[in-house]
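Only one structure is covered here, and it is reproduced in the block below.
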Amino acid sequence: MKTLIPAVAVALVFAGTVARADEMQKDHVVTLTQTACQFIESEDGVDRGFKSTSKADCDAINAQSGEQRVNGSKPLVLKPGTYTFRVKNRDVPYELGFWLREADYDWRNPLHKLTKTSVSGGGLTTGTAKDYTVELKPGEYLYSCPLNTTPDYHLIVRE
């Protein structure tokens, strides 16, 4: 399990395309903007305009379209290293969070809590941002917001 470390870094807005990954490598900051039921950058910069007043709204929206949207978007591809994910709640009227973990991470498995990467936190009220810093090794990861019920977006770390 990794510990959250406040990061002191210059923000870099991630446009959601693999082509911008080289730019992110420079500052090792990935900025992700949450709106209702999605991360904008993770869906190729498209704000779907969803409306939500509760987690249940996003549960319903993403049950219908989440998998299709993720499959139609490019995964985030990074090189191994330490990254700060700067996550912002742009306009969702309830508290959000962020969860990045190895693709095969199972929170119910006590060994995974000791041996696998998982970084999470909440407290993202409307208009606020928080930093989540994590060392990424080669492999496949997922990230999402369980409180805003976003889809599981894909992150690939490779040389």
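Nothing in this text is a laboratory measurement; each read-out follows from the coordinates by a stated rule. Only a predicted model underlies this, so the values are computations on that prediction, with no experimental measurement involved. So basically every Cβ, Gly included, is an ideal-geometry build from the backbone, and we count neighbours across all protein chains shown.
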Sort K137, K113, K55 so that the residue with the fewest other Cβ atoms within 10 Å of its own Cβ comes first and the one with the most comes last.
K137, K113, K55
Residues of type aspartates and glutamates that K74 reaches as a straight line, Cα spacing below 17 Å, ignoring anything fewer than 8 places off in the same chain:
D22, E23, E41, E43, D44, D47, E140, D152
Net charge dipole size for the range 30-90 [Lys, Arg +1 and Asp, Glu -1 on Cβ; Debye, nearest 20]:
220 debye
Per 5 Å bin, what is the whole-percent P(r) computed from every C-alpha pair distance within the range 18-157?
2, 10, 20, 24, 21, 15, 7, 1
Just to confirm my numbers, what's the Cα centroid distance between the range 57-80 and the range 129-159 in Å?
12 Å
Going toward the positive end of the dipole of the range 18-157, with +1 on Lys and Arg Cβ and -1 on Asp and Glu Cβ, which of F50, Y83, G139 do you reach last?
Y83
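List the relative contact order of the range 18-157 as a percent without decimals, with contacts defined as Cα pairs under 8 Å and 6+ residues apart.
30 percent
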Which value, in debye to the nearest 20, gives the size of the charge dipole of the range 18-157 about its Cα centre, when Lys and Arg are +1 and Asp and Glu are -1 at the Cβ?
200 debye
